[in-house]
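Take a look at the structure set out below.
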Amino acid sequence: MLAPLIPRAVNERPRANDRRVMSGMVDKIRTGITWRDLPERYGPWQTVYSRFRRYALDGVFTRILQQIQAQADASGVVDWLVQIAPTIVCAHQHSAATGREGVRAA
C-alpha cells in the first residue's frame, strides 16, 4: 500500500485526491503523453505535474521504491538473481587486445 509512503500536506488548503494524482503520474509515464494531454479524469494537469516534480526533487519516488523492495525482500517475494544474456554484453574497444601474446596490457 502506497498511502503511508506519500507525504502529507503541510498547509491548510484542501488537497487533490492522492490516488487520482498518482494514477495520473503513472498514466503519463506509461503512455508517454505530454502533461497537457493528460486525461481530465486525473484532475488539472498542472496539479499532477507539480506534485510529480516535487516528489522527484524530494526523493519521494526513491524512498517508495526502497520501501517496496524492502517489504518484498522481507516477505521472500523477490528473487535477486540477475542474469545477463551474452548477446547484449559488449566489451570496451580496448579490451579486444587483452590476452594476446606479445601485447602488453595498459
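The values are calculated or read from the model by the stated rules, or taken from the named source; none is laboratory data. Nothing here was measured: the structure is a model prediction, and the numbers come from that model. A quick note on method: Cβ atoms are made from the backbone with ideal geometry, for glycine too, and the neighbour counts reach across all protein chains shown. Just the protein is used for accessible areas: all its heavy atoms, side chains included, with ligands, DNA and RNA removed. Shrake-Rupley method; radii C 1.70, N 1.55, O 1.52, S 1.80 Å.
Brief remarks follow.
- Qualifying positions in the stretch 3-40 - touching an Asp or Glu at 6+ places or on another chain (Cβ under 8 Å) and at pLDDT below 80: A3
- Considering residues of the stretch 44-56 that are at pLDDT 95 or above and open to solvent by 90 Å² or more (accessible area, probe 1.4 Å) only, the residue nearest to G24 (Cα to Cα): Q46
- Hits in the stretch 1-22 - residues which are in contact with a helix residue (DSSP H, G or I) (Cβ under 6 Å, 6 or more places away or on another chain) and small (G, A, S): A16
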